[in-house]
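Below you'll find the structure, written out as structure tokens, and then a few comments.
The values are calculated or read from the model by the stated rules, or taken from the named source; none is laboratory data. A quick note: this is a predicted structure, and the numbers were derived from the prediction, not measured. Note that each Cβ is placed from the backbone with ideal geometry, even for glycine, and that neighbours are counted across all protein chains shown. What goes into the accessible areas is simple: the full protein's heavy atoms, side chains included, and nothing from ligands, DNA or RNA. Shrake-Rupley method; radii C 1.70, N 1.55, O 1.52, S 1.80 Å.
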Amino acid sequence: MTPSPRPAVANLLDLLAATTGENPHRLADEVGDAGAGRLKQLLIEAVNELLRPLRQRRADLADDRPYLDSVLDAGNDQARELAINTLTTVHDLLGMPYANRSATRAALSGS
């Protein structure tokens with residue numbers, strides 16, 4: 001099997017090479033006449049192996065509820081501050097200095 005004559009096979013070989021760090025020509029020689037089915041099987045195995053540590057990390061994080069809550073709280077705080085700043089800018093641009101910014105801040109800050 002050579003990587004160049006069939007674009008779909010060449011693409012699979014490139015993906016396999018990218019996930020394994022191997023040379024696509026060497027991989028083509030390894031697959032040989034086993035065909036695209038074998039190539040797809042190797043690619044699935046390589047992608048699964050590549051994603052294994054990420055899946056494990058995700059599972060570990062999912063089990064750490066206090067950490068997840070702290071990340072969500074920090075993100076909410078950042079979003080709230082951005083919203084307050086955006087509304088302040090909008091009020092200023094619209095010439096609405098009379099807008100009840102303190103009420104907006106209180107509503108957005110959860111007070």
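Some notes on this structure:
- Number of positions in segment 67-87 that are open to solvent by less than 60 Å² (accessible area, probe 1.4 Å) and either at pLDDT below 90 or at positive phi (or both): 2
- Of the residues in segment 7-25, at least one is modelled with pLDDT under 90, exposed (fewer than 14 other Cβ atoms within 10 Å of the Cβ) and small (Gly, Ala, Ser).
- Members of segment 26-61 that are more than 16 Å from the chain's Cα centre (by Cα) and exposed (fewer than 10 other Cβ atoms within 10 Å of the Cβ): 32, 33, 37
- Cβ pairs under 9 Å, 6+ apart, first in segment 38-61 and farther than 17 Å from residue 9 by Cβ, second open to solvent by 90 Å² or more (accessible area, probe 1.4 Å) and in a helix (DSSP H, G or I): 48/55; 61/67
- Count of segment 36-77 residues which are under 30 Å from residue 18 (Cα atoms) and aromatic (Phe, Trp, Tyr): 0
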